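Undergrad: Please see the structure below; I have some questions.
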Amino acid sequence: MQRTLSRRQFLAQSAAFAGASALRAQETTAEPIIDIHQHTDYHGRANDHMIAHQRAMGVTTTVLLPAGTYLNKPSTHNGKSNGLAAQCTGNSVCMEIAQAHPKEFFFGANEVTDEPGAVAEIEKYLKLGAVIIGEQKFAVECDSPESQKLYELAAAHNVPILLHFQHLTYNLGYDRFHAMLEKFPKTNFIGHAQTFWANIDKAHDWKNLYPKGPVTPGGLTDRYLSDYPNMFADMSAGSGLNALTRDEEHTRAFFERHQDKILYGSDCADHLGRGEGCQGAATIAAIRRLAPSKAIERKILFDNARKLLRLPV
Ligand SMILES: [Zn+2]
Ligand SMILES: [Zn+2]
């Protein structure tokens, strides 16, 4: 027997259907987020956990940054640099995950800065589709001849280069870095890590890698971002989150000043992608809370990275 619906039943069913499709639409149109800083096999985390972690954070596009080759030499602190200490893997692993998940994952190209084959190795992966050089986290002067070859390479391939600045440890001589910004105007530099973020503060003590409390505006990083169109900022890691939360009034003004220069990154080794242990999720929440407008929030979480890395998303 054919079932006929009363008008009331019909309306109730339609409303339920409309509700369900609205929910689906909400899920699929959730605001996209680009994370420019994540690693494979990070502190031993399996890469399927990494993928689940990114999705749980609400990240829709992730850039995987390879470690360089594991080498025993001074520039890697005899193997304690980016790759070995955190067990991150290299170019081919990042590329394979990106190729298996088009548009959701992209990959960088990297090598130990002063390894003789560095330019050739990085160029090989740029030609295979890498969208960035990095993470450069090696014990070299930030203006070393070998570093300068990579700055030239970045400009030649129209990709940015991401540098981990850590006083006396990685990419040394941050106070001289303005000379590189001037010498390589076509190279887009993305700064990251302790010494980059501590230097938002003009009153910064270089020995303190995680300074707390009020920020005096006009620090070296603040000036580099203001004075050089080719300097950009990666919000990732504990250092980025600390810089956001130590002086919230300063952060709102900093976001306003540098709204076209700041990119979201997580550099987060957590497994869950939510909750107290997830610094990446905490940084997204802090950006949403402290951005002076919705437009600025969207620039930091999505648009700036899409433009600078020329991502087809
Ligand atoms: Zn780093
Ligand atoms: Zn990193």
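Undergrad: With a ≥ b ≥ c the root eigenvalues of the C-alpha gyration tensor of the range 153-261, is it rounded (a/c under 1.5), prolate (a/b larger than b/c) or oblate?
TA: Prolate, since a/c reaches 1.5 and a/b exceeds b/c.
Undergrad: Report, for the chain, the % of DSSP beta bridges that are antiparallel, rounded to 5.
TA: 5 percent
Undergrad: While we're here: What is the range 72-210 by shape, rounded, prolate or oblate, if you read a ≥ b ≥ c off the alpha carbon gyration tensor as root eigenvalues and call it rounded for a/c under 1.5, prolate for a/b larger than b/c, and oblate otherwise?
TA: prolate
Undergrad: Quick check: the distance between the Cα centres of the range 156-203 and the range 238-274, to the nearest angstrom?
TA: 17 Å
Undergrad: Give the relative contact order (percent, whole number) for the range 33-308; include only Cα pairs under 8 Å separated by 6+ residues.
TA: 17 percent
Undergrad: Right, another one. So for the pair HIS178, LYS80, with labels modelled 7 Å out along Cα→Cβ, what separation do we get in nm?
TA: Taking the two extended label points, one gets 3.3 nm.
Undergrad: For the chain, with the dipole built from +1 on Lys and Arg beta-carbon atoms and -1 on Asp and Glu ones, taken about the Cα centre, which of ILE132, ALA154, LEU209 lies farthest toward the positive end?
TA: ILE132
Undergrad: I've got another one for you. Quick check on the range 33-308: take the gyration tensor over C-alpha atoms, sort the square-rooted eigenvalues as a ≥ b ≥ c, and tell me if it's rounded (a/c under 1.5), prolate or oblate.
TA: Rounded, since a/c falls under 1.5.
Undergrad: Given only helices, namely DSSP H runs of n ≥ 4 each adding -39500 (n - 2.57), what is the per-residue ellipticity at 222 nm of the chain, to the nearest 500 deg cm²/dmol?
TA: Calculated from helices alone, the mean residue ellipticity at 222 nm is -12000 deg cm²/dmol.
Undergrad: Sorted by average packing, counted as other Cβ atoms within 10 angstrom per residue and highest first, what order do 265-272, 285-292 take?
TA: So the peptides 265-272, 285-292, ranked by packing, come out 265-272, 285-292.
Undergrad: Report the one residue of SER226, ASN110, PHE165 whose Cα lies farthest in the direction of the positive end of the charge dipole of the range 33-308 (charges on C-beta: Lys and Arg +1, Asp and Glu -1; origin at the Cα centre).
TA: SER226
No lab work stands behind these numbers, since they all come straight from the coordinates. No experiment lies behind these values; they were computed from the predicted model shown. Quick reminder, even Gly has a Cβ in these numbers, built from the backbone with ideal geometry, and neighbours come from all protein chains shown.
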